[in-house]
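Reading through the structure tokens given below for one structure.
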Amino acid sequence: MRLTFLFILLTFLINQAMGQNTILFKTAGSLTQQIREGKISSYQVVSAYIEQIEKQNDTYNAIVLLNKKQAFERAKEADLALTKGEIWGKLHGVPITIKDNYKTKGLTTTAGYLPLKNSVPDENSELVKLLLAEGAIIIGKTNLSVLAMDMQVDNPIFGKTNNPWDTTRTSGGSSGGCATALATGMTPLSFGNDLAGSIRLPSAYCGVYGFKPTFGVVSLNGIQTDPKQKTNGLKSLAVAGPLARNINDLELALQIIAQTTTTDQRLVPLNQCTDTFDIKKLKIAWTDEFGGVPVDNEIKTTIKNYVKKLEKAGATVVKTVPELDFYQVWKTWGSFVGMQGGYNTSNFVKWLGLPFAKGVLKNVPMHQNIVKPTSVEKYMIAMNIQDIMITIMENFLNEYDVFICPVSSVKAFKHHAPSKSYGNFSIYNNPLLVNNKEIHYYMATQAYTTPFTLTESPVLSMPIALSKDSLPIGIQVIGKRYEDFKLLEIGKILNEYSEKLNFPLQD
């Protein structure tokens, strides 16, 4: 009798463990369907992810706030609602995580910035409102760099977030907590934001999928900025977007967040996509390098081999680049960041700081204009240049369905400390190595992402293979503005020719 009881108990525990792991790496879409159909409860799903966070987060440091009590309460409510025939929306009862610079009512929102360590907003950001309205359950907030201003995740409140494939390496930034949480099974869906590649880079380094929408289609209202600023000055370039373990979940998330709200009517509606696509009818532009910025040889070889697969499958592939003046693009991106993000810093203060930053940034065109004094004339010039670059990129994509290029010069690198700080801005004197040659940290991490921020293009960041040392290698797939859903549909076809990654904690 006792042996029978022990056998039953052991079987139950094994099934529970197997069930949990099955839940952890399911898509958000399949979870919401199974919850609606009563095959699994929201409470079970939330329990599985919270248990995984409590088990794994000490190793990876992706989740900085665990919303345990409220998540369980909302899961019970979600299950009860279904018994009454109520469906809240597209994510009914599905747990998600939110980057810790989106304001969340009643939950600490720090943006990784010490003066905000105990900041608790009294309202939700627009993105959070939309997700909650569709039945999502926030189980946690994810780690980021200080005020989302670095390409790694590290801050004085919570420290570093580790890469899921190698904990000695960076997750990428600034949405690295989102990407690591996904790759380690701590969330099925996460939401970040992107100005210089903050969704795209962590997605590539952690082997997940990230989407930078067209500028101006998802609300940024409610992003937590430096409290010394009266408002968020970044009125162009920056976007909000999702990260996921598959493209279908990116599409589901975008359907929810890309819409106006009663308190943000300035957004532009996306074009819907009803077309079907065939690999044999796709015309694809691609490159493994542009602007004279070197790319790791293994990344280049991987991209070439991937493109050969597309060509063999019947796609028309052309190695070419848009006729953008990349040096001018990089400098203009920096002009906007400096003028908008630093709007409350006087020209006198910038002038005083210029000698300290000028020498360090002489080989980093993206950042030269960030630290320089500005004027209305310079702002008008920057807007005119942006108009020209958008036109060039859009005309280029009239000839091709998508443009494929690297995400960065390097794979996920070892945690890399800044040499000094200039206000909240980290200065890096120690370069990264690309093919055994030194390249500036910011050129290696931002040169391939910032051009498509300036052109306002939608970009899919997707993994295509693992390197010889078992690190993910990803690509950017760029589409025309407002054709985000078309880009995701094409991305689904392109994804069929990628290597399928099994995550380190996935059975």
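Miscellaneous remarks
- In order along region 239-250, phi translates into HN-Hα couplings of 9, 9, x, x, 10, 7, 9, 7, 6, 4, 6, 4 Hz, rounded to whole numbers, per the Karplus curve 6.51 cos²θ - 1.76 cosθ + 1.60 with θ = phi - 60° and x for Gly and Pro.
- Relative to the longest principal axis of the Cα atoms of the chain, the long axis of helix 297-312 lies at roughly 70 degrees.
- Sequence-distant contacts, meaning Cα pairs under 8 Å at least 6 residues apart, place the relative contact order of the chain at 16 percent.
- Over all other residues within a Cβ to Cβ distance under 12 Å of K468, the charged ones net out to -2, with Lys and Arg as +1 and Asp and Glu as -1.
- Qualifying aspartates and glutamates (Cα of each under 18 Å from Cα of K280; at least 8 residues distant if same chain): E311, E399, D401, E489, E496
- Proximal aspartates and glutamates to K160, defined as alpha-carbon separation beneath 16 angstrom and excluding residues fewer than eight positions away on the same chain: D58, D100, D150
- Listed values (i) -0.20, -0.29, -0.67, -1.20; (ii) -0.18, -0.26, -0.59, -1.07; (iii) -0.33, -0.44, -0.73, -1.06, entry calculated as log10 I(q)/I(0) by the Debye sum over Cα atoms at q = 0.05, 0.06, 0.09, 0.12 Å⁻¹: (ii)
- Backbone HN-Hα couplings from phi across region 135-149 [Karplus 6.51/-1.76/1.60, Hz, Gly and Pro as x]: x, 5, 10, 7, 9, x, 10, 9, 6, 7, 7, 4, 6, 6, 10
- Beyond 30 Å in Cα-Cα separation lie the following of the pairs K362/K486; K304/K492; K228/K411; K212/K331; K141/K283; K26/K99: K362/K486; K228/K411; K141/K283.
- Taking a straight Cα-Cα cut-off under 18 Å and skipping sequence neighbours fewer than 8 places away in the same chain, the aspartates and glutamates within cross-link reach of K76 are E37, E51, E86, E134.
- Helix 2-24 and the longest principal axis of the C-alpha atoms of the chain enclose an angle of approximately 30°.
- Relative to the dominant Cα principal axis of the chain, helix 484-495 is inclined by about 70°.
- Translational diffusion coefficient (Stokes-Einstein; Kirkwood radius from C-alpha pairs) of region 75-192 at 37 °C, 0.692 mPa s, in µm²/s: 221 µm²/s
- Note on the chain: with neighbouring protein chains present and a 1.4 Å probe, carbon and sulfur make up 52 percent of its accessible heavy-atom surface.
- Put a plus charge on the Cβ of each Lys and Arg, a minus charge on the Cβ of each Asp and Glu, and nothing anywhere else: the dipole of the chain about its Cα centre is then about 660 debye.
- Accessible area per residue, Å², the chain with all protein chains present, probe 1.4 Å: 41 Å²
- When the trypsin sites (Lys or Arg not before Pro) in region 29-111 are filtered for DSSP coil states and for at most 11 other beta-carbon atoms within 10 Å of their beta-carbon, the remaining sites are K39, K84.
- Using a probe of 1.4 Å, the accessible surface attributed to D469 totals some 70 Å² when neighbouring protein chains are kept in position.
The values are calculated or read from the model by the stated rules, or taken from the named source; none is laboratory data. Owing to the predicted nature of the structure, the values given are computational and were not obtained by experimental measurement. Backbone-built Cβ (ideal geometry, glycine too); neighbour counts: all protein chains shown. Only protein heavy atoms, including side chains, enter the accessible area calculation; ligands, DNA and RNA are left aside. Shrake-Rupley method; radii C 1.70, N 1.55, O 1.52, S 1.80 Å.
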